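First up is the structure itself, then whatever we jot down about it.
The values are calculated or read from the model by the stated rules, or taken from the named source; none is laboratory data. All of these numbers come straight from a predicted model, not from anything done at the bench. Backbone-built Cβ (ideal geometry, glycine too); neighbour counts: all protein chains shown. Ligands, DNA and RNA are stripped out before the accessible areas are found, and what is left, the full protein with its side chains, is counted by its heavy atoms. Shrake-Rupley method; radii C 1.70, N 1.55, O 1.52, S 1.80 Å.
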Amino acid sequence: MGSQFESEKLLSRVEDIVRKHHEFFRNSLPMIASENLTSSFVRRYYTSDLGHRYAEGKVNERFYQGCAYIDEIEEMAIKLTKKLFDAEHANVQPISGVTANIAGFFALTNPGDLIMSLSVPCGGHISHDTISAAGIRGLDVIHYPFNNEEMEIDVDETRKLAMEKKPRLFVLGSSLILFPQPVKEISELASEISAKVMFDASHVLGLIAGKKFQDPLREGADIVTGSTHKTFFGPQRAIILSRKELADKVDKAVFPGVVSNHHLNTLAGYVVAVIEMLEFGKEYARDVVRNAKKLAESLYNYGFDVVGANRGFTESHQVAVDVSKIGGGEKVARELERINIVLNKNLLPWDSMEKTSNPSGIRLGVQELTRLGMKENEMEEIADIFYLKLMKDESDAKLRERVIELKSRFRTIKYTFEEEEAYEF
Ligand SMILES: *Cc1c(COP(=O)(O)O)cnc(C)c1O
């Protein structure tokens, strides 16, 4: 009996915590570049019975019974994904971006191979390095020479280094990604030394779907991996796209390589997200990039050191700001959280890895604000709040009120079939 009383207390504590989380986000400006909202059309399947089942293997080649309807859902997921990205092959089973990358490495490399990827300060994801997925596969890693002024891979220097070291795989795509990358040039280089190219589209998958970024498959990438929940409208999982010749290798790398069951409740949600992308993706991606440019330009006009100024700041959902002169990324991110603006500190190409806990930069993403319907006017207003907080030291109480007022006008999810309340729980 005593233990039941204890359980009730614990249960109400969980309820209370989750409610507070909702309340905080309801009143905040979410600007983490790797996050987004899902519509209720996507969410409604999370709690379905699908989340209790297993479906190992491929459609119509399962190991357990009871998969007839799961097969239908997965078949839809594959078919619609191929259509959206104009891809010859799609695997929709990876449960996250890192899992997709491990599968990509299984498909395209052997242990002991050398790969080339972007260093973390230059925007690379940890999974492209020996500390994470690449290390799990036993790969050695060298980094692309990078041009800090252009915020871009230095293709000429890369060619020299690659001809000397002969990597087996070039990894492109990154976590700090302001501009399209030289996929075409690197793919040409790769084919000269019989290497492969993997583009990790985790951040920009929704922009690629909306035809507002580069098209890595057409530019020569052998496979494209990507999380489905950053600029894309989906739940937290991932996909791998490839040409037909690599289909078998990719599928085997995913199962039995890195998943057995693959979280079928979010698979159904993913199908709905693809339908939303087909219907609204172009308009959404256009608005996202427009908002990012406007935010960057407004911050720049207030005197912030916005990265990429000589190239128009950004062609993606992201804006990067060097805040080393006003306290550094750690302090600035914390200060902004006090007025309900949520973003992250970020290493910039000129930082060493030792600066991870207090890097020079902050990274901003506008994809979620855009999904809530914010447009260029709101981007200007947000830049003004940044200015007052970080350069004029206006009081937290006053600015938090302003953030809450601004957010109160943007609490429904757009680019879906019916406008709907974003924070219902
Ligand atoms: C976010 C990210 C990942 C990891 O994705 P998860 O779904 O969080 O596992 C992989 N690669 C890049 C470039 C990313 O930005």
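Annotations
- Relative contact order of region 288-425, pairs being alpha-carbon contacts under 8 Å that are 6 or more residues apart, as %: 24
- Over region 146-292, the reciprocal of the mean inverse Cα-Cα separation, the Kirkwood hydrodynamic radius, stands at 16.5 Å.
- Each Lys or Arg adds one and each Asp or Glu subtracts one; over the other residues with Cβ under 11 Å from the Cβ of Lys184, this totals -3.
- Extension gain (nm, one decimal) between Lys160 and Glu330, 0.36 nm per residue minus Cα-Cα: 57.5 nm
- When the Gaussian network model of the chain links Cα atoms closer than 10 Å, the mean-square fluctuations of Val18, Val306, Val332 top out at Val18.
- Couplings 3J(HN,Hα) of region 256-269, computed from phi: x, x, 10, 9, 10, 6, 10, 6, 6, 5, 7, 5, 4, x Hz, in residue order, whole Hz [Karplus 6.51 cos²θ - 1.76 cosθ + 1.60, θ = phi - 60°; x for Gly and Pro].
- Among Lys20, Lys160, Lys294, the residue with the largest mean-square fluctuation in a Gaussian network model of the chain, with springs joining Cα atoms closer than 10 Å, is Lys20.
- Anisotropy class of region 221-285 from Cα gyration tensor, a/c 1.5 cut: oblate
- Packing here is the average count of other Cβ atoms within 10 Å per residue, and on that basis the peptides 396-409, 106-119, 142-155, highest first, run 106-119, 142-155, 396-409.
- Relative contact order for the chain, counting Cα pairs under 8 Å that sit 6 or more residues apart, in percent: 22
- Put a plus charge on the Cβ of each Lys and Arg, a minus charge on the Cβ of each Asp and Glu, and nothing anywhere else: the dipole of the chain about its Cα centre is then about 240 debye.
- Just checking the listed ones, Ser352, Ser34, Ser298: in the Gaussian network model of the chain with Cα springs under 10 Å, the one fluctuating most is Ser352.
- Region 1-104: proportion of alpha-carbon pairs further apart than 17 angstrom, %: 74
- Euclidean distance of C-alpha centroids, region 215-255 and region 100-129, integer Å: 14
- A quarter of the convex hull surface defined by the alpha-carbon atoms of the chain gives 22.4 nm² as the mean projection.
- Scanning residues 5 or more positions from Gly226 or on other chains, those with amide H under 5 Å from its amide H are Ala201, Ile239, with H placed 1.01 Å from N in the peptide plane.
- Net charge of Cβ neighbours under 14 Å - reference Gly66; Lys, Arg +1; Asp, Glu -1: -3
- Solvent-accessible area of Phe386, all protein chains in place: 0 Å² (probe radius 1.4 Å, heavy atoms, ligands and nucleic acids excluded).
- The Cβ shell under 13 Å around Glu337 holds other residues with a net charge of +3, Lys and Arg each +1, Asp and Glu each -1.
- Along the axis of the charge dipole computed for region 42-275 (Cβ charges of +1 for Lys and Arg, -1 for Asp and Glu, origin at the Cα centre), the listed residues Ala90, Tyr64, Val271 are led at the positive end by Tyr64.
- The charge dipole of region 271-425, taken about its Cα centre with unit charges on the Cβ of Lys, Arg, Asp and Glu (plus for the first two, minus for the last two), comes to roughly 420 debye.
- Three principal axis lengths of region 209-346 [C-alpha, angstrom, descending]: 52, 31, 27
- Largest to smallest principal axis extent of the C-alpha atoms in region 281-421, angstrom: 47, 35, 26
- Against the rule of thumb 2.2 N^0.38 Å, how large the Cα Rg of region 42-275 comes out: 1.00
- Shape of region 43-82, Cα gyration tensor, a/c cut at 1.5: oblate
- Quotient of C-alpha Rg and 2.2 N^0.38 Å, computed over region 111-213: 1.02
- Across region 192-204, rounded Karplus estimates of 3J(HN,Hα) from the backbone phi angles (6.51 cos²θ - 1.76 cosθ + 1.60, θ = phi - 60°) give 5, 10, 6, 9, 10, 10, 10, 9, 8, 8, 3, 6, 10 Hz, Gly and Pro being marked x.
- Inter-centroid distance (Cα atoms) of region 368-425 relative to region 320-360, Å: 21
- Residues in region 173-181 carry Karplus couplings, in order, of x, 7, 8, 9, 9, 8, 10, x, 9 Hz; the curve used is 6.51 cos²θ - 1.76 cosθ + 1.60 with θ = phi - 60°, and Gly or Pro positions show x.
- About the Cα centre, charge dipole magnitude for region 41-111 (Lys/Arg +1, Asp/Glu -1 at Cβ), debye: 220
- Cα shape, region 126-180, gyration tensor, a/c 1.5 rule: oblate
- Only one residue of Asn27, Leu114, Phe41 has its Cα farthest out toward the positive end of the dipole of region 1-136, where Lys and Arg carry +1 and Asp and Glu -1 on Cβ, and that residue is Asn27.
- Probe 1.4 Å - accessible area at Thr416, Å² to nearest ten: 20
- Dipole axis of the chain (+1 Lys, Arg; -1 Asp, Glu on Cβ), positive-most option in Pro167, Gln318, Gly303: Gln318
- Dimensions in Å of region 345-408 - Rg and Dmax from alpha carbons: 14.5, 40
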